[in-house]
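The values are calculated or read from the model by the stated rules, or taken from the named source; none is laboratory data. Everything quoted here is computed from the prediction, not taken from an experiment. Quick reminder, even Gly has a Cβ in these numbers, built from the backbone with ideal geometry, and neighbours come from all protein chains shown. The area values use the complete protein model at the heavy-atom level, side chains included, leaving out ligands, DNA and RNA. Shrake-Rupley method; radii C 1.70, N 1.55, O 1.52, S 1.80 Å.
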Amino acid sequence: MINGLPRRFRVLMDKKTSVNQDSAQLDVASGPNGECMLVLSGRLDAYTVGPLWSHARDLLIRYSGQPVQVDLAAVAYCDGAGVALLLDLLRQPRDPAAPVALANVPPKVAQLLEPFDAQALAAPPPDRSPPGLRQRLGEGVHDLGRDLYNHVVFVGEATAALFHGLIHPSRVRWKDALRIAQEAGVNALPIVALIAFLMGVILAFQSAVAMKQFGAEIFVANLVALSLFRELGPLMTAILLAGRSASAFAAEIGTMKVNEELNALTTMGLDPVRFLVVTRVMAAVIVAPLLTIFADLVGLMGGALVMMTFDVPLVAFMNQVSQAVSPSDFLGGLFKAAVFGLVIAGVGCLRGLETRTGASAVGVSTTRAVVSAIILIVVLDGLFAVIFFHLGI
Amino acid sequence: MPSDPQSSPAIIQVRDLTLGFGGRPLLKDLCFDIAPGEIFVILGGSGCGKSTLLKHLIGLYEPMAGSVTIGGEVFTGTEGQARRDILRRFGVMYQMGALFGSMTLLDNVRLPLEEFTDLPDEAMDLVARLKLQLVGLAGFERHLPAEISGGMQKRTAIARAMALDPDILFLDEPSAGLDPITSAELDQLILRLSRILGITFVVVTHELPSIFTIADRVIMLDKETQGILAEGDPAQLRDHSEHPWVRRFFNREATEAS
């Protein structure tokens, strides 16, 4: 017993962490020459040494002025965590006149300790200092320039590949394009229908309540039809397409890049842009206007349903719609939808091709694809509003 | 400090194991034991179900029939805490390493320690450093998996599988895609870990040099009979097996047709 220290520190396994019912134990004793002896016994493994660890270190600090022996004669089992504990005790900075030494080391424990040098472990693992502000700034500018260059190259390659596909339609992989059109278009019908129907209902209801005060409920048909055909139909369809398909294109192409499938295409002499981008762009350009027509019609149905509750007959509603909407409104909306489709597919593919290595890179590409596509859609929609105004459409 | 491998009862017992997909058996009525400390290799032609068998042994798939017992506890069909206790008795190295790409090598190895032990933070760091040093990756603690080679990723995966000092390590194609030198180094690592830590290894591999270097015992699976074609010491099987296909496999001979 030394200076009133706890004589024994025993760790019993708790049920949460145990895979067996053994225990580890740390006793303090005096050696034959009066030196401090830490007597470890029992099972030293990852589940038992945790509570002993800080106590053993405290004892070393307390006896920093005298040699300490760690007696292992009674250790019944020791694995990597036990070895780590012993090495941690050996690596602690000490006065050369008061070293820590192991005593009665069982042969198996000696074998486990053999590959390691306690003094080498005293230093922390080499740290990788984060880059400084100048380096990060430089890298940021470099990345920006590279991205811009890649975008210009991509637009050029995709445009050339699209024209090549239009001039040589037999070279386009129509089977792939149809499969993608089915996934991006047909499978999107339920969600487009739901959103468009609710949009028609909400538009009609909100405006009808206000317009009823002036006896102008019939003009709700004009409002709903023009809003849907000119703006909301193409816009909401494009946003849904961006959420469903731009992300899917980016994830699919990104995963192909991570799996080196793009490298395989390139080394086979196949152009990834022609193989992957053209099919997706064509599918999206075809599908986006079709989905928009569908959204327009379903939205009108929603509006008509609400107006029937305001005692406006279906015939009167449809008659008002046909008077309010000109072919240019309808076709202008479809043209916008086609351009949105082109942008959504292009951005999705571009972000997919930009994917770096690792699973998280695919997630980053997917997020960037959706965000970029939605921003571009909104910006383009604003531009179309100005252009259509000046063209008198 | 494990006991003598050969004198102990089996650490893994497979009894009447039938496995397959969609109701169609791939392998039927497999029975074999693996002794503690043994390096046990599962062999067979492509598509015979080696990796599928491994996934059944580690409990990723439920078998159609039969059972797997690990350390005397029936693993098949066991749920809850009992299953988690058995899971902690083994580590797995997957074919592609399956390291977490967003974590450094040190954090990859630390993860099981953080989740399953109450070691102090500094102690977890030290244990993880020792594991990485043991597989020859000292100095790479702060690297990300994407920044190291495929061989180093596999070695890190072994270090992570060893984090809790399991009794058993399952290795799926540890040498696949590695150059001969790295492959030989990995073999030496397996032998060293087996000798020093007494870990039982269950290895799926095609690499003949590896098999002859590390294997205490092999089983060879057969696609045709959906069972075990041969079992024993690889050198014995190469020289004395009654099955021509087994001899051809070990001697790397093409089939007559080709």
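Remark: the range A:210-318 is approximated by an ellipsoid whose semi-axes, taken from the C-alpha gyration tensor as √(5λ), come to 46, 11, 9 Å, largest first.
At a probe radius of 1.4 Å, figure out the B/A buried accessible area, summed over both chains, and give it in Å² to the nearest 100. Present the calculation step by step, with values, prior to reporting the outcome.
Details: alone 12430 and 21230 Å², together 30650 Å².
In total, chains B and A hide about 3000 Å² from solvent.
Computed about the Cα centre, the dipole magnitude for the range A:156-391 is approximately 360 debye when only Lys and Arg (+1) and Asp and Glu (-1) carry charge, each at its Cβ.
When only Cα pairs below 8 angstrom with a gap of at least 6 residues are kept, chain A shows a relative contact order of 15 percent.
Taking 0.36 nm per intervening residue step and subtracting the Cα-Cα distance, what contour gain separates residue B:121 from residue B:98 on full extension?
Once the chain is fully extended between residue B:121 and residue B:98, it gains 5.9 nm.
The accessible-area loss of the range B:114-149 on complex formation, taken against its chain alone with a 1.4 Å probe, reaches 50 Å² or more at B:118, B:119, B:122, B:126, B:129, B:130, B:133, B:142. Angle of helix A:49-62 to the longest C-alpha principal axis of chain A, folded into 0 to 90 degrees and rounded to 10: 50°.
Note on the protein assembly as shown: with neighbouring protein chains present and a 1.4 Å probe, carbon and sulfur make up 60 percent of its accessible heavy-atom surface. Projecting the Cα atoms of A:348, A:378, A:198 onto the dipole axis of the range A:156-391, where Lys and Arg carry +1 and Asp and Glu carry -1 at the beta carbon, places A:348 farthest toward the positive end.
Solvent-accessible surface of the protein assembly as shown, taken per residue with a 1.4 Å probe and all protein chains present: 47 Å². Calculated translational diffusion coefficient of the range A:148-218 (37 °C, 0.692 mPa s; Stokes-Einstein with Kirkwood radius over alpha-carbon pairs) equals 198 µm²/s.
Short to long, the 10 Å bins of the Cα pair-distance histogram for chain B hold 7, 30, 35, 22, 6, 1, 0 percent of all pairs.
Averaging the sequence gap over all C-alpha pairs within less than 8 Å and six or more residues apart, then dividing by the number of residues, gives the range A:192-335 a relative contact order of 51 percent.
A quarter of the convex hull surface defined by the alpha-carbon atoms of the range A:8-122 gives 7.0 nm² as the mean projection. The mean number of Cβ atoms from other chains found within 10 Å of a Cβ in peptide A:80-90 is 5, as a whole number. In the range A:44-69, the residues that give up 50 Å² or more of accessible area when the other protein chains are added, compared with the chain on its own (1.4 Å probe), are A:46, A:47, A:53. log₁₀ I(q)/I(0) of chain A at q = 0.12, 0.15 Å⁻¹, via Debye over equal Cα point scatterers, no solvent, to two decimals? These q points yield log10 I(q)/I(0) values of -0.92, -1.21.
Can you figure out the FRET efficiency of residue B:21 with residue B:138, using R₀ = 45 Å and their beta-carbon distance, to the nearest 0.05? With R0 = 45 Å, the Cβ-Cβ based efficiency is 0.60. For the range A:253-294, pairs of C-alpha atoms spaced more than 14 angstrom apart make up 57 percent of the total. Of the residues in the range A:328-371, none is shielded by at least 30 Å² of accessible area once partner protein chains are present, compared with the chain alone at a 1.4 Å probe.
Shown are B:42, A:218, whose ranking by accessible area with a 1.4 Å probe and every protein chain present, most to least, is A:218, B:42. Residues A:252, B:242, ordered by accessible area of protein heavy atoms at a 1.4 angstrom probe radius and largest first, appear as B:242, A:252. Averaging the Cα positions of each part gives two centres, and for the range B:68-118 and the range A:33-98 these lie 28 Å apart. Using a cutoff of 8 angstrom between alpha carbon atoms and counting only pairs six or more residues apart, the relative contact order for the range A:57-101 works out to 62 percent. Note on residue A:64: accessible area is roughly 60 Å² with a 1.4 Å probe, heavy atoms of protein only. Pairwise alpha-carbon distances in the range B:116-258 exceed 23 Å for 45% of all pairs.
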